[in-house]
Amino acid sequence: PASSECSAAAEEGPCGSSITRWYYDENVQLCKPFQYSGCGGNGNNYGSKFACERRCAPVFGAGKCLKGVEPLKTIHGAPVNCAKTACPSGYKCSVVQQISVCCPISDP
């Protein structure tokens, strides 16, 4: 992720409101909704899924391998980060938008 706030856990804060906000879940590499109390919390707190993805998951939307091919994705739909996990057979680790993703090895 782009910054350390993206690796923080969702924190609802101490107040009494219930506002739907978005946080980046580093384990599954996705932005997810959570209930925010209206005060406190931490920087991993975004008003929209788009804002969360733009800050914490820059490979979403435009992250493609050569010739526009989609990178390998997890069961949750996020690109596999090969800086943390080795790519399976038939894929190679490539850097796309400053993130390492698994791109298919094309047949010659």
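The values are calculated or read from the model by the stated rules, or taken from the named source; none is laboratory data. Treat the numbers as computed from the prediction; the structure is a model and nothing was measured. Neighbour counts are summed over all protein chains in view; Cβ atoms, including those assigned to glycine, are modelled from backbone coordinates with ideal geometry.
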I need every pair where a residue in the range 33-49 that is farther than 15 Å from C15 by Cα has its Cβ under 7 Å from the Cβ of a residue that is of a type in the set (D, E) and surrounded by fewer than 17 Cβ atoms within 10 Å (Cβ to Cβ), sequence separation at least 6 or different chains.
G43/E5; N44/E5
Would you tally the residues in the range 14-42 being surrounded by 14 or more Cβ atoms within 10 Å (Cβ to Cβ) and not in a strand (DSSP E or B)?
5
Per the filter on the range 43-74, residues exposed (fewer than 13 other Cβ atoms within 10 Å of the Cβ), modelled with pLDDT under 85 and part of a loop (DSSP other than H, G, I, E, B) are G61, A62, V69, E70
